[in-house]
Every structure is written in structure tokens, then in C-alpha cells.
Amino acid sequence: MIDVSYAEWFGLHTNDVLHLVWCSATTTDVLAAYGISPENTKPMRFQSDDVDMLIGHLGNGTIIMDYDVDYWARGCLPALAQYGPCLSAAWCDDAPAIVSYYAQGGRVVAFDASFRDWYPDPDLASVEEWIAATPGGREMWDTRWDRAILMTAEALLQAAVDDEWMRSTHIGVTFPE
């Protein structure tokens, strides 16, 4: 279970990350879905300065940390979901926290984690039903949506980001200017 200290640790380490995706796809599948050329990748560790995206194996899938969120990246989620469920969370200080969950058939739900009744997709009842079925349940989403996201991601990939993952080498992506 994700506790407060883990959520704070994760938040401090990912402060500059604007879009997180947890998916069942392999790193090769991710590169293909995003249309990323191998020339734009190199082995990198988590705290590299010159990175637009970090892609790393985690548990039974992949986590994608996007530091330079381009909204075209969200269009890749249906392709990633062809390999299994896909959870997306995008937020920054001045924008709403948008959560999306995709399955093989397409997007299941999308909503603002802070204000679920603000443009829920497909509708609020579907969002509430999905939330109730997640590991954190409605109470966690109501009080600590950031922890609820991490709990859902951990259950999806059967693993959590830890110090060892942070020290490991992953695929770094830099986009040409």
C-alpha cells in the first residue's frame, strides 16, 4: 500500500515531470507508439538534466515520465493500450490534474482528479464506478488523489518506483529543437 511518506518521496522526485504513463507495453512498443526515432534516445538515469522523456521498465510494464508534455503524446495512449491497460496522469501547478485510463477497446474514463464533475468522460457515473473499483477506492480519491493514482499504477504494473529504479539506467529521449 502506498503510504504518505512514499507519496511525498515520489512527488519530490518527480516534481519536474508533467505527464506520467504506466502501461503494459514494452519500451520498444512505447518508442513505436510515440514515433520516437532511436537517434533521439540514449541510456539515461532518472535525474539527467537534458531529457524530455524517460522510459523505463517497471514490474510487468513500462513507466513513461514526460518532462516536456506535448499534447500529441496523449494521442499515443490508445496505441499503448493495445498491449494492455494504460493509466495516464498529467498535471502541473497551473493546470488541472487529468487522469485517463485506457483499455484495449479505447479510453475507459478521463477526468480531473481534483474536480471529477468537471468534464468527466464519458460521464460522472462511469468515472465514479471506475474509481470505486481501483485499489484506493472512492475514499482515497476523495482525500488524496495523488496517492490513489500511485496505488492504481502500482496495482497495474505490480511494482512501484523505488530507489533502485531511480539509480537504474533507462531510455532517455531528447526531442530536436
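The values are calculated or read from the model by the stated rules, or taken from the named source; none is laboratory data. Treat the numbers as computed from the prediction; the structure is a model and nothing was measured. So basically every Cβ, Gly included, is an ideal-geometry build from the backbone, and we count neighbours across all protein chains shown. SASA here: full protein model, heavy atoms, side chains in, ligands and nucleic acids out. Shrake-Rupley method; radii C 1.70, N 1.55, O 1.52, S 1.80 Å.
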For this session: Kindly indicate whether any position in the stretch 30-42 is in a helix (DSSP H, G or I), under 24 Å from Arg167 (Cα atoms) and at pLDDT 90 or above.
Result: yes
Exercise. What number of residues in the stretch 37-61 are touching a residue at least 40 places away in the same chain (Cβ under 8 Å) and open to solvent by 20 Å² or more (accessible area, probe 1.4 Å)?
Worked result: 12
Exercise. Got a sec? Which of Arg107, Arg147, Arg138, Arg116 is out of contact with any Lys or Arg (no Cβ under 8 Å at 6 or more places or on another chain), buried (at least 16 other Cβ atoms within 10 Å of the Cβ), in a helix (DSSP H, G or I) and among the basic types (Lys, Arg)?
Worked result: Arg147
For this session: Output the residues belonging to the stretch 1-26 that are modelled with pLDDT of 90 or more, open to solvent by 30 Å² or more (accessible area, probe 1.4 Å) and within 14 Å of the chain's Cα centre (by Cα).
Result: Ser24
For this session: Scan (1) open to solvent by 50 Å² or more (accessible area, probe 1.4 Å); (2) closer than 26 Å to Gln47 by Cα; (3) touching a helix residue (DSSP H, G or I) at 6+ places or on another chain (Cβ under 7 Å) for the single condition Glu154 breaks and write down its number.
Result: (3)
For this session: Sort out which residues of the stretch 79-104 are open to solvent by 70 Å² or more (accessible area, probe 1.4 Å) and aromatic (Phe, Trp, Tyr), and write them in order of number.
Result: Tyr83, Trp91
For this session: Within the stretch 46-61, identify whether any single residue is of a type in the set (Ser, Thr, Tyr) and modelled with pLDDT of 90 or more, and answer yes or no.
Result: no
For this session: With the condition kept exactly as written, say whether any residue in the stretch 160-169 is open to solvent by 10 Å² or more (accessible area, probe 1.4 Å), touching a Pro at 6+ places or on another chain (Cβ under 9 Å), assigned to a strand (DSSP E or B) and in contact (Cβ under 8 Å) with a residue 12 or more places away in the chain.
Result: yes
